[in-house]
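Working notes for the structure below.
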Amino acid sequence: MDGSGLSGLEYFFLTSAVIGGVIVLVKLVIQFIAGSDSDLGTDDVGGHPDDGFKMLSLQGIGAFFLLFGLVGLAMLRESKAGVPFSVVVALLAGFAAVWAIARLFGVAKRLQSSGTVGVEEMTGKQATVYLHIPKNGTGTVTVHFSGRSREYDAREITGKAVATGETVIVREVSGKTLLVETGK
């Protein structure tokens, strides 16, 4: 050991932890400043930014080096474990961190929803005429679906006029226009 009390391997572990910590911190700051959808070259290495977290990403690399360095330094310095055991445990901790983060990002990605409701899902739903539907013309209806209100262009299926405020049922979808029928 030199005067500072750190061996060469301890310096290696400490440097790994610092590099990993800086990578994680820089990625976090960039996400806060530019947003998570930024295209600043900080997403997956060799992948598409929309693919989410992959093992070979800045998050994965940063997490690996951060945990590898911290656990390796702790094992070697505090637990007084031997060099081979410390390196093996540090590698396992680094890979475990990458695996755990990948799993968390995978779970988070499955929880995401586009928030869009396909117009084709409106068939059979009840709607309220928002802007009257003229005879053989197009008006606007409001459909309440999944806790949300959506407005769509609508035509009465038989071509008759429908007044504002009337309740109709969506029978078909033609392009982005709903074909509705009055309950009468």
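Quotient of the Cα radius of gyration of segment 72-184 and 2.2 N^0.38 Å, N being its number of residues: 2.19.
Modelled this way, with points 7 Å down the Cα-to-C-beta line, the labels at Q126 and T164 are 2.2 nm from one another.
Taking amide H as placed 1.01 Å from N in the peptide plane, Y130 has its amide H under 5 Å from the amide H of T140, V141, T142, G165, each at least 5 places away in sequence or on another chain. Each residue, K109 and L6, gets one label point 7 Å from its Cα in the Cβ direction; the gap between the two is 3.6 nm. Placing dummy labels 7 Å off each Cα toward the beta-carbon, the span from L92 to V29 is 3.5 nm. Charge tally for A74 (other residues, Cβ to Cβ under 15 Å; Lys, Arg +1; Asp, Glu -1): 0.
Where a number appears in this text, it was derived from the coordinates with a stated rule and is not lab data. Predicted, not measured: the structure shown is a model, and the values here were computed from it. We place every Cβ from the backbone using ideal geometry, glycine too, and count neighbours over all the protein chains shown.
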